[in-house]
Structure formats: C-alpha cells, structure tokens
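A.B. asks: Below you will find the structure I want to go over with you.
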C-alpha cells in the first residue's frame, strides 16, 4: 500500500514525478537537469532512488552531480554525454539487435553520446561509429557493413548536416537524423543542418530537434525493441 500510494504520480511540491510512466510506455520518466537547482535535483533523484528501475538525468553539469553524488554510490556521471545514470538493479538483457550511432565529426560526439547512453540505460546494444563525415567519405564506406546490420541508425551531424542523406541512400533501416549546433556562423546554431535534414531527398529519414541526442536515443530504442 505504501508503494501504491504514489500511483499515478508522486507529488514532492515543486515537481510531480510520473511514477506510472514505465507501466504505460515501457520507459521511466527521465530528468532534464538544465534549469533545476541543486535542491530540486536532489529531491527528485532521492525519490527516484527509492525505486529499483533505471535512472537517467540529462543535460547535467559537474556541479549538479557533485550536489547529488552522496545520495547513492550507484549514481554515475558522464561528462561527455552530460548524463547522470543509475543502472536498474535487475538489469535487462541487452538486445540481440543493435543501434548504430554515427557521427560526422568528433565535435558531434557529445550529442551522440547522449543518444547512446539513453539507448543503453534501457537495455539496448549500441555500436558507435564516430568521425565518418562526408568530408572523407571513404571512412564511412569502410564501416558500412556494421551500419547496415543495425536495426536502426542514429546519424549525428553539424556543419551542413549531409551525413543522414548519404546514409539514407545506402541503408535499408530507419535513419534518425540529429542536427547539432556545431559549425561556423552560417550554421546558425544548427539551423542549417536541421533544414538540410528536413529537406533531404533520401527516404527513410526522420529528424529530431537540434542537439536532441536524448530524443534520438529514446526513439531508436523504441524501434529496436519492436
């Protein structure tokens, strides 16, 4: 009865945590850290730590992790993906099929790692293929066998954002395109890459928002588990 009283959500005053979400959707609520105070983040994570499931907090900085790390030795911080995670106590078996996370350049890796960590924390196998952008197409073609064997591909690119279009013409799997804010002035903070991906003539491409690695990793995991 004590556990049931928090269904369908747990009200901690400044936040209402959706404790019922995993039953509805298969994935628990994810914490977006940007804009939250240390006290708010501590309160949210303390409540989530009372359960046994996976915990994923995105867009966290090092100071936020320092403010919460004493809550549990199971909390870990990854500075590249900017995530705080706790693996579920009953870890799901990794999927036999996998997600390929592909980046155009090393500068896109932070967003790509957010996608990869998001997929992995919920039990998906991920293969990383980084720095294979169109400026050196031979690098991509050299790893094409790994990419083609994936169930779904996440393609992360800034600058002109051409990588998803190239992949869309080479693979038979869904391609989730992630524009990043990496680029010089005319990149307009990722807008040019976003428009390139939205206007791609290649088929089988869906596009998420600029720098939205979490959204790409989440939907890729959903597809991988179909």
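The values are calculated or read from the model by the stated rules, or taken from the named source; none is laboratory data. What you see is a predicted model; the values in this text were computed from it and never measured. Here Cβ is always computed from backbone atoms with ideal geometry, including for glycine, and neighbour counts include all displayed protein chains.
A.B. asks: Being outside any loop (DSSP other than H, G, I, E, B), touching a residue at least 24 places away in the same chain (Cβ under 8 Å) and loosely packed, with under 15 Cβ neighbours inside 10 Å is the filter here; which residues of region 48-63 pass it?
C.D. replies: Residue satisfying the conditions is 63 alone.
A.B. asks: Within region 161-171, how many residues turn out to be surrounded by fewer than 18 Cβ atoms within 10 Å (Cβ to Cβ) and assigned to a helix (DSSP H, G or I)?
C.D. replies: 0
A.B. asks: Go through region 172-226 and give me each residue that's out of contact with any strand residue (DSSP E or B) (no Cβ under 6 Å at 6 or more places or on another chain), closer than 19 Å to residue 146 by Cβ and outside any helix (DSSP H, G or I).
C.D. replies: 172
A.B. asks: In addition: Please pick out the residue among 97, 103, 118 that is within 13 Å of the chain's Cα centre (by Cα) and either more than 15 Å from residue 213 (Cβ to Cβ) or surrounded by 17 or more Cβ atoms within 10 Å (Cβ to Cβ) (or both).
C.D. replies: Unique residue meeting the criteria: 118.
A.B. asks: Which fully enclosed helices (runs of 4 or more DSSP H) of region 64-157 have 2 or more residues being free of Cβ contacts under 8 Å to residues at least 40 places away in the same chain and more than 21 Å from residue 32 (Cβ to Cβ)?
C.D. replies: Counting at least 2 such residues, we get 137-141, 144-148.
A.B. asks: Something else: Of the residues 123, 190, which is crowded, with 20+ Cβ neighbours inside 10 Å, over 12 Å from residue 102 (Cα atoms) and not assigned by TED's automatic domain parsing to the domain that holds residue 76?
C.D. replies: Within the list 123, 190, the selection yields 190.
A.B. asks: Report whether or not residue 152 is crowded, with 23+ Cβ neighbours inside 10 Å and in contact with a strand residue (DSSP E or B) (Cβ under 9 Å, 6 or more places away or on another chain).
C.D. replies: Taking the combined requirement at face value, the residue satisfies it.
A.B. asks: Any residue in region 200-208 that is under 28 Å from residue 85 (Cβ atoms) and within 14 Å of the chain's Cα centre (by Cα)?
C.D. replies: Looking for residues that are under 28 Å from residue 85 (Cβ atoms) and within 14 Å of the chain's Cα centre (by Cα), one finds at least one in region 200-208, hence yes.
A.B. asks: Scan region 21-29 and give yes if some residue there is modelled with pLDDT of 85 or more and either within 23 Å of residue 124 (Cα to Cα) or touching a helix residue (DSSP H, G or I) at 6+ places or on another chain (Cβ under 9 Å) (or both), otherwise no.
C.D. replies: No, there is no match, as no residue in region 21-29 is modelled with pLDDT of 85 or more and either within 23 Å of residue 124 (Cα to Cα) or touching a helix residue (DSSP H, G or I) at 6+ places or on another chain (Cβ under 9 Å) (or both).
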